[in-house]
Amino acid sequence: MNLIVNSSPHIHGGETTRKLMLRVVLALLPALAVGVYFFGPRVLTLTLTSMAACLVFEWLYRVVTRQSYTLPDGSALVTGLLFALTLPVSVPYWVVIVGAAFAMIVVKGMCGGLGQNVFNPALGARAFLMLFWPQYLVRYPETGSWLSVGQVDMVSSATPLHHLVMPSLPDVSLWDMFLGNMVGSMGEVCTLAILLGGIYLIVRKVISWRIPAAYLGTVAVLTLIFSRGQSPLLFMAYHLLGGGLMLGAFFMATDYATSPVTPAGQLVYGLGCGVLTVIFRYFGLFPEGVTYAILIMNACAWAIDRITPPRRFGGAVK
């Protein structure tokens, strides 16, 4: 009998990176479809541009650095799709391409590639664009605007979060926000579509429920306690349904490489994301704080894992 010595895992469950990424893409399709319905075909062309650019820049980086090709794993497609959904439909195509280059070369490639990046590439690209070209990321078309493929001129309107900063309750109903009939980024407006995708990922065990639950629960509690409106419950509900909170909680904060792996660590991580999001929304320069909250907690993920180790099987409880 031959003794074979190799590294773990010794038993494989059949899951692959490609399968996981495909499920994430499927989970994002409802949000993409709603974006096309409310904002027009430009949503689709911007998204395809972002996904194609991410594929090209990852391939170029791997060629230049003489590394093996990783395009078949599907991670570049997911990054391109997520990045596009965080942008307004009026953003120029060149801005999308620049953001995709930063995501794949700097945030992902230079940090070691898939599984080794410290920050979420899609959110890192969005933060980069917000730093250098904020004028393109804070102009949102009016509700129901149907932009053609080449159209960039439009009448901008304030998002519900802008009203909450004033502070005042938005003039859009919670039902419209739930269905996506509001001002916002292409893939962030429809809470129903995002919830369907998020629940699908939880049921298929692609993500854990802990991070979204801790994230959304923390935001709910803090905005309820420190309400700035006449109706604390409505103020809390508008914060939960507005901006990129839902997309961030289910699809950004749960990124494998940039979030903790321990059960307790995931709860702490989600709580931290929620606290920082509320702080940025209340006191930040811009009304949205999801991007920066998740990026900061990305940097803390390794430390959270260190301080929240699970109890060893058979070990004594201390």
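Observations on the structure shown:
- Sparse packing (at most 16 other Cβ atoms within 10 Å of the Cβ) combined with a DSSP loop state is found for the following chymotrypsin sites (Phe, Trp or Tyr not before Pro) in the stretch 39-114: Y69.
- Fraction of C-alpha pairs exceeding 33 angstrom in the chain: 24 percent, rounded to a whole number.
- In the stretch 199-245, the convex hull through the Cα atoms has an average projected area of 3.5 nm², a quarter of its surface area.
- Diffusion coefficient (Stokes-Einstein, Kirkwood radius over C-alpha pairs, 25 °C, 0.890 mPa s) for the stretch 1-143: 150 µm²/s, rounded to a whole number.
- Just so you know, the averaged projected area of the alpha carbon convex hull for the stretch 31-72 sits at 3.3 nm².
- Relative to the longest principal axis of the Cα atoms of the chain, helix 191-203 runs at roughly 10 degrees.
- Taking the C-alpha atoms only, the angle from helix 290-307 to the longest principal axis of the chain is near 30 degrees.
- Loop-located trypsin sites (Lys or Arg not before Pro) in the stretch 31-105 whose Cβ has at most 13 other Cβ within 10 Å (DSSP): R66
- Net charge over other residues, Cβ less than 14 angstrom from the Cβ of F102 (K, R count +1; D, E count -1): +1
- Stokes-Einstein D for the stretch 159-290, Kirkwood Rh over Cα pairs, 37 °C, 0.692 mPa s (µm²/s): 222 µm²/s
- Remark: spin-label model distance R66-Y37 equals 5.2 nm, labels positioned 7 Å along the Cα→Cβ axis.
- Stretch gain in nm, segment R204-T17, where the contour uses 0.36 nm per residue and the Cα spacing is subtracted: 65.9 nm
- With only Cα atoms counted, the stretch 60-100 has Rg and Dmax values of 12.6, 37 Å.
- Gain on full stretching of the segment that runs from Q116 to S231 - 0.36 nm per residue minus C-alpha separation: 37.0 nm
- Residue-normalised accessible area of the stretch 244-318, expressed per residue, 1.4 Å probe, Å²: 50 Å²
The values are calculated or read from the model by the stated rules, or taken from the named source; none is laboratory data. Worth saying up front: this structure is predicted, and the values here are computed from it rather than measured. Methodologically, a virtual Cβ is constructed for each residue, glycine included, from the backbone with ideal geometry; neighbour enumeration extends over all protein chains shown. SASA here: full protein model, heavy atoms, side chains in, ligands and nucleic acids out. Shrake-Rupley method; radii C 1.70, N 1.55, O 1.52, S 1.80 Å.
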